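One structure is given below, encoded as C-alpha cells.
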Amino acid sequence: MSSKQIHEMGVAELATTIADGKTSSVEAVQALLARAKQHQSLGAYLAFNEDLTLAQAKAADARVATGERGPLLGVPLAHKDIFVTQGFPTTAGSKMLAGYQSPFDATVVANLAQAGAVTLGKLNCDEFAMGSGNDNSAYAPVHNPWDTARVPGGSSGGSAAAVAARLVPAATGTDTGGSIRQPASFTGITGIKPTYGRCSRYGMVAFASSLDQAGPMARSAADCATLLTAMAGPDIDRDSTSLDHPAEDYTRLLGQPREGASAAQPLKGLRIGLPKEFFGEGCAPDVLTAVRAALAEYEKLGATLVDISLPRTELSIPVYYIIAPAEASSNLSRFDGVKFGHRAAKFDDLTDMYKKSRSEGFGPEAQRRIMIGTYVLSHGYYDAYYLKAQQIRRLIAQDFQSAFTQCDVIAGPVAPTVAWKIGEKSDDPVANYLADIYTLSTSLAGLPGMSVPAGFGAAHMPVGLQLVGNYFKEGELLQTAHAFQQATDWHERAPAL
Ligand code: GLN
C-alpha cells in the first residue's frame, strides 16, 4: 500500500498503484464501498451490488496478474443512474423505473468495463436528468459536500458529489443543457461534455435525444481525458446519431505545448474568446472575480483574450425549454405502464391505467415538461413555438461559428452563481431554468464544453471556468484545461468531510 489512502487517489494514480501491485482492485473497491457507505447521507449513491463489484474487481486483478496494463484497469468508477447497467437497478432518478433491471449495458458502460474499469454503484440524479439542483430526484436530494445545506448542481449531482467527496475517483454523467458542466462547477471538479454524437446514447435513458450527451466527471482534465478516450467512439449500428468519426486518444495533447509555443508559455497563440453576454450584470460578482483570475492565469500561460459576442445567449433559455420538453414528451411516452415502468395498482380501463400509472410514476418536473412539450408540438402551436425554436437553434449554432473565426476557445462562467441552498429554488421552476443561461447554447449547438475548477466564490463555494471548443476539439479543450491545472491547484482541493 502506498502512504496515500485509496480515496485520495485520482484515476491515474490509482491505476498505477494497482499496476505496480501496491494495492489491488479488490482492495480499492472495498475501501471505496466502505467510504461510500460512511457518507450515504450525501445522497450520492442510489444502488450498490457488492458481489458484482467484487467479481469485476477480481477479474481486473486477474488481468493485471497476466501482465496486462491499462489506464483504467481495475479502477473503480460509478455511473449516473441514467445509464442502463446489467446487475444494478436503473431508475433514471424516477419512481417510474423503480426496481427496473436492464438486460444489457449502455455502450458507454460497456466501453469502460472493457477498459477494465469496475462499477462501484449507481449515482443519484434528477428525474430523467431534468433539473439544475438534483432536488428533482424521486429518491432523495443530493447534498453538496462543500456545504451539505446546498445543492451539488444537476442533473448529474450524484456523480459530482461522489467525485468531489472522494467517494470514487471518477464518474459518468450526461449533459443535455449543462448537467455535466454545472454540477462540476458547483462541486469543484472537472467535467467535459463532448461534441454531440461523440459518445453513444445507446442505453442512456433518453431525455432530449438531440441534446443528450455522455461525458466523464473527475478531479482533473487528465483523468477526464483517460475516461473519455474509453467512452467515446462510433456506435452507428446501435445509435443513429452516433458520429462515424474515428475514436481518438484524448490524452495525446496533455502536457504538450501548442504548436510553436514553449514549455514556459505552453498556450502561446491560443485565442480565448470572452462573450460579452457571459460577463454582464446577470453574473454574480464573486463568480466573475474567480473567472477573471483564472483568465489572468491563462494570459500568463501565453493565451490572449479577445472580446467576442454570442448575441442570442438570452434566447437559449426559451429555445432550450421548448425543444428539450418537446423531445422529452415524446421520449417519455414509452412509460405507459404496459411494457415497463410503474403500473398503477388499481384502474378502470386502459386509458385510466395510462393516466394513473403516469400520474403516479412521474414527478412534478417530468409532468411539467410533458405538458409543455405536448403543447408546443400540438397542431396550431407547432409553428409558433417548436419550429421557431428550431430556427433560432440554427442561428445560435451559427453565432458560435462566427465567434470561432475570432478565437480558438470560448471561456466564461459555467453558472451565474455558486451552488444555492437546497429548497431555495424548489418551488420556482423558472428560477432553475434561468440558472442554465451559460450552458444551454453550447448544447443547442452540439459543441464540446467543459468546467474547470477556478477557485471559490461566495460562502467559500467552488466556481468553475467554462471552456467551449469547436466541433471535435475535445483534445484541445482538455489540453487547455490541463495546462491550467499544471499551474494551479484548485482541482486538488477537497471538501472536509
Ligand atoms: N438544467 C437543464 C434541465 O433541467 C439541463 C439538464 C441536463 O443537462 N440534463 O433541463
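Data for the structure
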item	result
Qualifying helices (runs of 4 or more DSSP H) (wholly inside the range 1-80; at least 1 residues being closer than 25 Å to Gly153 by Cβ)	11-19, 25-38
Every pair of residues 6+ apart whose Cβ atoms lie under 9 Å, when the first sits in the range 453-479 and is of a type in the set (Asp, Glu) while the second is part of a helix (DSSP H, G or I) and surrounded by 24 or more Cβ atoms within 10 Å (Cβ to Cβ)	Glu474/Ala225; Glu474/Leu228
Residues of the range 243-269 classified as touching a residue at least 60 places away in the same chain (Cβ under 8 Å) and of a type in the set (A, V, I, L, M), total	3
Strands (runs of 3 or more DSSP E) wholly inside the range 90-206 containing at least 3 residues that are within 16 Å of the ligand (Cβ to nearest atom)	170-175, 190-193
Members of the range 341-368 that are away from the ligand (no atom under 16 Å from the Cβ), surrounded by 14 or more Cβ atoms within 10 Å (Cβ to Cβ) and on the phi < 0 side of the Ramachandran plot	His342, Arg343, Ala344, Phe347, Met353, Tyr354, Lys355, Lys356, Ser357, Arg358, Glu360, Gly361
Filter pass, Phe335 being within 16 Å of the ligand (Cβ to nearest atom), surrounded by 13 or more Cβ atoms within 10 Å (Cβ to Cβ) and closer than 21 Å to Gly99 by Cβ	no
Candidate set from the range 414-436 (those that are in contact with a Ser or Thr (Cβ under 8 Å, 6 or more places away or on another chain) and closer than 15 Å to Glu277 by Cα); member that is nearest to the ligand (Cβ to nearest atom)	Asp436
Residues of the range 385-433 that turn out to be polar (S, T, N, Q) and in a helix (DSSP H, G or I), as a count	6
Enumeration of residues in the range 188-202 that are touching a Ser or Thr at 6+ places or on another chain (Cβ under 9 Å) and farther than 21 Å from Thr251 by Cα	Arg201, Tyr202
Options Ser220, Ser240, Ser210, Ser262: the member that is closer than 28 Å to Pro413 by Cβ, polar (S, T, N, Q) and surrounded by fewer than 24 Cβ atoms within 10 Å (Cβ to Cβ)	Ser210
Search result, residues across the range 110-149 that are β-branched (Val, Ile, Thr) and surrounded by fewer than 24 Cβ atoms within 10 Å (Cβ to Cβ)	Thr148
The one condition in (1) closer than 19 Å to Cys283 by Cβ; (2) out of contact with any Ser or Thr (no Cβ under 8 Å at 6 or more places or on another chain); (3) surrounded by fewer than 24 Cβ atoms within 10 Å (Cβ to Cβ) that Thr439 fails to fulfil	(3)
Subset of the range 441-478 [within 14 Å of the ligand (Cβ to nearest atom) and hydroxyl-bearing (Ser, Thr, Tyr)]	Ser441, Thr442, Ser443, Ser451
Of all residues making up the range 369-382, the number that are closer than 16 Å to Phe128 by Cα and buried (at least 16 other Cβ atoms within 10 Å of the Cβ)	4
Selection from the range 309-320 of residues that are surrounded by 22 or more Cβ atoms within 10 Å (Cβ to Cβ) and assigned to a helix (DSSP H, G or I)	Ser316, Val319, Tyr320
Residue that is under 18 Å from the mean Cα position of the chain (by Cα) and either buried (at least 21 other Cβ atoms within 10 Å of the Cβ) or modelled with pLDDT under 95 (or both), where the choices are Val430, Val468	Val468
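Conditions (1) at pLDDT 95 or above; (2) of a type in the set (Gly, Ala, Ser), marked per residue:
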| residue | (1), (2) |
| --- | --- |
| Gly99 | no, yes |
| Pro103 | yes, no |
| Thr119 | yes, no |
| Cys125 | yes, no |
| Tyr139 | yes, no |
| Asn144 | yes, no |
| Gly153 | yes, yes |
| Pro169 | yes, no |
| Asp175 | yes, no |
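The values are calculated or read from the model by the stated rules, or taken from the named source; none is laboratory data. Quick caveat: nothing in here was measured; it's all calculated off a predicted structure. Reconstructed Cβ throughout: ideal geometry from the backbone, glycine too, with neighbour counts over all protein chains shown.
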